[in-house]
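The values are calculated or read from the model by the stated rules, or taken from the named source; none is laboratory data. Remember, predicted model here, so these are calculated numbers, not experimental data. Glycine also receives a Cβ, built like all others from the backbone with ideal geometry; neighbour counts cover every protein chain displayed. For accessibility, only protein heavy atoms count, side chains too; no ligands or nucleic acids. Shrake-Rupley method; radii C 1.70, N 1.55, O 1.52, S 1.80 Å.
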There are 2 protein chains.
Amino acid sequence: MPVVHTLGGMMDRIRALLTVIEEGSVNRAAVRLRITQPALSRQMQALENELGGKLLERETSGVKPTGLGHALVKAMRPLVEGYDTALAELRRQARGERSELRVGYLLSAAQSMLTPALAKLRKSQPEVKLKLHDMSPREQIDGLRAGELDLALIGQEGVTAASEFHSAKLCSLRVCIAVSDNDPIAAQKNITLKELKGRDFIGVDEDQVPGRNRWATALCKSAGFKPRFVVVVDGITNVFSQVVSESGVTLLPGYFEKLQHPGVTFVPVSDEKARWDFIVLWQKGLASTATRALVEALKQVAVTLR
Amino acid sequence: MPVVHTLGGMMDRIRALLTVIEEGSVNRAAVRLRITQPALSRQMQALENELGGKLLERETSGVKPTGLGHALVKAMRPLVEGYDTALAELRRQARGERSELRVGYLLSAAQSMLTPALAKLRKSQPEVKLKLHDMSPREQIDGLRAGELDLALIGQEGVTAASEFHSAKLCSLRVCIAVSDNDPIAAQKNITLKELKGRDFIGVDEDQVPGRNRWATALCKSAGFKPRFVVVVDGITNVFSQVVSESGVTLLPGYFEKLQHPGVTFVPVSDEKARWDFIVLWQKGLASTATRALVEALKQVAVTLR
DNA sequence: TTGCCGTTATGCCAGTTGTGCATACCCTCG
DNA sequence: CGAGGGTATGCACAACTGGCATAACGGCAA
């Protein structure tokens, strides 16, 4: 039996078998499959060889599946159909017709921008299904890397990962510091970075908000000194506890000014160079129209907030 | 871009892509796949052409999936794995290592044979999982045809379908008739077919028990007359009602003698030629060892009952 | 900068495979 | 026994695919 064929095209032969069994005839199936009957006949032989058992009862009136043939149909038809639909969905997605948009964001940071941008998006592309994920900057970046997010709204933390993805800077916010209510600085309306020289700084866990400490360090260096991080905590609320108990300070993006936290006062930093960039990251490769639309909407919203 | 390839081997290329993404490198993936790097490189190009979008970010240190690439992995990996396991299962089944055995039987007819046979089977192949289906002869045949049964225990009704499947005659039972208690025949110990000449016969629905009427007709013809079916009912219990009310008779396999039904008396037919064959049918093609074992067990049980 | 080493991409050739065509074979029915 | 339906087979050819050699490209170190 010199009918060997490759193991590769086996799925095609399985498809062919499904058609043959549907039609009950190699001849008619061959017509449907746009190949000749001999070719199809040989495919069936090949499939039987590969599986090691007869699949069809050849009768003078056509063909009929054997038990094994039936079993194959039952096992393979759903897989083949799933394969086809998955393929179709991928092709659509490749053409940018992705209907689902998975957005990662940090509620405290992105709220003022994301909400109006989403409203715009819904107006221009109402059929887009949104999945919003409130997650830490680190989780956002990991999500992008793992392909679980299409787009991430992220602050300064994102610049370290910006080269991995497409990115756009949305706006550049002012910066503030958090100090204890008891601290003399708390009474000031403004503060310059220079005034922080020699103060103890509270750092945050690099895993949770990567790059934040580096950003603070860079800012201080531009003001002529090197910050000393006396403690590193994980999570922003713990930062506030430390601010109160240790009377250290920490540099924060400006939107924290609106926050209230017992025992903590936020003081704006007046240095012009002290800015907190807010950026949006999205997957490389062909972005869906929905992704592009949301990025555009975010940019438009950003200019109004500047 | 003249990289076209066939649409056929697409699944292979998807498999290849899965490996490439796992390895993060075309080179290493090529090693795992036992092909050269250029070949694999071209496969990836082909896949991207077929899908209409980039799947990989080529970087100097290797490759990284794009969003589309990630989506493909998420959609296709389970399908590919399902396909492989299904294929393996089919191959095992083709080798006769089927662990499940679906048996169709008619409780009233097969009980005396099936129970001991199953006991034998359990002793010789304890790991076989059994699925027993009590169903009418017609349902059994349909089940075999649809591949939902591996084996059917069926009476005379099965002979019409015997050519479609493998079959073995298990035993040949004596025949009896059912008559009303009031009928003079009811007092007899035996009866010959000839004595039934001129009597009204009760037939059964051809859909439920195909071939039964033909069997009765053939028997009567061998005794020199043609039975007259005054009524055809569906289901054996209705036959008994008719036997009582219409004082017709009906030919039945011998195992009914053990039954009790108010107003009905069963009288054995003494003709030597009047026999009711009991057969087992199973799927054509390679039967599993379990199937063969059960057939053997049934045959052995049958000889003890003869 | 230059050279080296890693990566992926491309040109070309040969082996293999799957297909179509023509035809053989087999069965059933008239 | 021939006609007409089915499936299988012999054969030649086009096409795809893989291997080899090599290009192109980017990073890194001297």
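Points worth noting:
Conditions (1) within 8 Å of DNA strand C (Cβ to nearest atom); (2) out of contact with any helix residue (DSSP H, G or I) (no Cβ under 6 Å at 6 or more places or on another chain); (3) within 17 Å of A:Gly9 (Cα to Cα); (4) not assigned by TED's automatic domain parsing to the domain that holds B:Tyr83, marked per residue:
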{"residue": "B:Gly24", "(1), (2), (3), (4)": "yes, yes, no, no"}
{"residue": "B:Asn27", "(1), (2), (3), (4)": "yes, no, no, no"}
{"residue": "B:Ala30", "(1), (2), (3), (4)": "yes, no, no, no"}
{"residue": "B:Arg34", "(1), (2), (3), (4)": "no, yes, no, no"}
{"residue": "B:Gln43", "(1), (2), (3), (4)": "no, no, yes, no"}
{"residue": "B:Leu55", "(1), (2), (3), (4)": "no, no, no, no"}
{"residue": "B:Arg58", "(1), (2), (3), (4)": "yes, yes, no, no"}
{"residue": "B:Ser61", "(1), (2), (3), (4)": "yes, yes, no, no"}
{"residue": "B:Leu72", "(1), (2), (3), (4)": "no, no, no, no"}
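- Residue pairs meeting the criteria (Cβ under 8 Å; at least 6 apart or on separate chains; first aliphatic (A, V, I, L, M), in the stretch B:50-61; second away from DNA strand D (no atom under 15 Å from the Cβ) and part of a strand (DSSP E or B)): B:Leu55/B:Pro65; B:Leu56/B:Pro65
- Any chance B:Val295 is open to solvent by less than 10 Å² (accessible area, probe 1.4 Å) and in the same structural domain as B:Ser180 (by TED's automatic domain parsing): no
- Here the stretch A:64-89 is the region considered, the condition is being of a type in the set (Ser, Thr, Tyr) and part of a helix (DSSP H, G or I), and the residue that is nearest to the other protein chains (Cβ to nearest Cβ) is A:Tyr83.
- One residue from A:Ala218, A:Ala178, A:Ala161 being closer than 22 Å to A:Glu257 by Cβ and assigned to a helix (DSSP H, G or I): A:Ala218
- Scanning the stretch B:21-36 for residues that are away from DNA strand D (no atom under 13 Å from the Cβ) and away from chain A (no Cβ under 14 Å) turns up B:Glu23, B:Ser25, B:Arg28.
- Count of the stretch B:90-104 residues, restricted to those that are open to solvent by 40 Å² or more (accessible area, probe 1.4 Å) and more than 9 Å from chain A (Cβ to nearest Cβ), is 4.
- A:Val103 vs. criteria touching a residue at least 24 places away in the same chain (Cβ under 8 Å), away from DNA strand D (no atom under 14 Å from the Cβ) and assigned to a helix (DSSP H, G or I): no
- Identity of the residue in the stretch A:13-63, among the charged types (D, E, K, R) and assigned to a strand (DSSP E or B), that ends up surrounded by the fewest Cβ atoms within 10 Å (Cβ to Cβ): A:Glu59
- Candidate set: the stretch B:124-158, residues that are assigned to a helix (DSSP H, G or I) and free of Cβ contacts under 8 Å to residues at least 24 places away in the same chain; chosen: the one nearest to B:Leu251 (Cα to Cα): B:Asp142
- Filter result for A:Leu51 (closer than 13 Å to B:Leu87 by Cα, hydrophobic (A, V, I, L, M, F, W, C), more than 8 Å from DNA strand D (Cβ to nearest atom) and within 45 Å of the chain's Cα centre (by Cα)): yes
- With respect to the conditions (1) surrounded by 15 or more Cβ atoms within 10 Å (Cβ to Cβ); (2) at the interface with chain B (Cβ under 9 Å from one of its Cβ atoms), A:Pro116 falls short on a single one, namely (2).
- When residues of the stretch B:261-292 are limited to those that are crowded, with 20+ Cβ neighbours inside 10 Å and assigned to a helix (DSSP H, G or I), the one nearest to the other protein chains (Cβ to nearest Cβ): B:Thr291
- Applying a threshold of 7 Å to beta carbon distances and a minimum spacing of six or more residues, or different chains, the list of pairs starting in the stretch B:37-49 at a residue that is more than 11 Å from chain A (Cβ to nearest Cβ) and under 22 Å from A:Arg95 (Cβ atoms) and ending at one that is open to solvent by 40 Å² or more (accessible area, probe 1.4 Å) and more than 9 Å from DNA strand C (Cβ to nearest atom) reads B:Ala46/B:His5.
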